[in-house]
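Readers should treat all values here as calculations from the given coordinates under stated rules, not as data from a laboratory. These figures come from a predicted structure and were not determined experimentally. Every residue, glycine among them, receives a Cβ derived from its backbone with ideal geometry; neighbour counts consider all protein chains shown.
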Amino acid sequence: MPVPCGNRIGAAAAVVCAAAGMIGAAPTTSFDTVFTAAGEPPFLHAVVLFAAGGSPHRMELWRDHERRILRTTDARITTLATHTRDAGYDLVVLDRNRRTSTRISRDNLYRMGSFTDWFDLGHGLRHPHGNYRLTPTASAVPATLPATPAPCRWYDLDQPGGGAHICWDARDRLPLLIATAAWVPAWRIVAIDHAAIGTGRFVLDDRGYVRNDADQDVEGD
């Protein structure tokens, strides 16, 4: 049985966990096998702190089965993704500062060169493009990293443009902590709950917003 290696462990235990990962499993090369959404809880709400563009941000994430994903970042940008019958999704983005409401489908996002997929929206991990290597972390995890709200297992992802250390929670199907190659935290989940989420949570009120139909713009080009 794998040793649960969360960040609530001390430095000595971190070494044991790293050694257990090194002894117990051969290197894994499949992103989809390790970071899978299969068996995830039907409802999930998480609070995430992450860094982007040199600034800290706070995001709340809600997952409703495989039907809907809602994300609100800095109480400014709200994104709602709704699965469609063809396994794609429709996206609505509210910018509360600019008072704009933009709608676009996954297919047209791809046409625009944005390859954000359903897994990325609901889990915060983007599938690697091109060659990559994913292995259980075999080195000691720094004891100075922030605590995680649940046990998770560390993996090293190496790909062109840089690597990352990812602590994956196999129960909630989430990266509880992502650090840069130099072990600088870039993403961390600080709270998780599994309470049922009412349908009202996924109703966006864009009255008074400027409404943009990006599908019509893309398909009209």
- May I ask you to compute the full-extension gain from Asp158 to His127, defined as 0.36 nm times their residue separation minus their alpha-carbon distance, rounded to one decimal in nm? 9.9 nm
- Query: If you average the sequence gap of Cα pairs under 8 Å that are 6 or more apart and divide by the length of region 102-160, what percent do you get for the contact order?
  - Reply: 32
- Which is farthest toward the positive dipole end of region 45-192 among Thr148, Ala191, Leu94, measuring Cα position about the Cα centre, with Cβ charges +1 (Lys, Arg) and -1 (Asp, Glu)? Leu94
- Query: On the first, second and third principal axes, largest extent first, how far apart are the outermost C-alpha atoms of region 41-94 in Å?
  - Reply: 38, 23, 15
- Using the Cα atoms of region 170-221 to build a convex hull, what is its mean projected area in square nanometres? 8.2
- Message: Suppose R0 equals 25 Å. What FRET efficiency, 1/(1 + (r/R0)^6) with r the Cβ-Cβ distance, do Asp74 and Ala138 give to the nearest 0.05?
- Response: 0.10
- Item | Cα-based Rg and Dmax for region 84-217, where Dmax is the largest Cα-Cα distance (Å) | 18.3, 53
- Taking amide H positions as placed 1.01 Å from N in the peptide plane, with prolines and chain starts having none, which residues 5 or more places from Ala186, or on another chain, fall under 5 Å of its amide H? Ile178, Ala179, Thr180
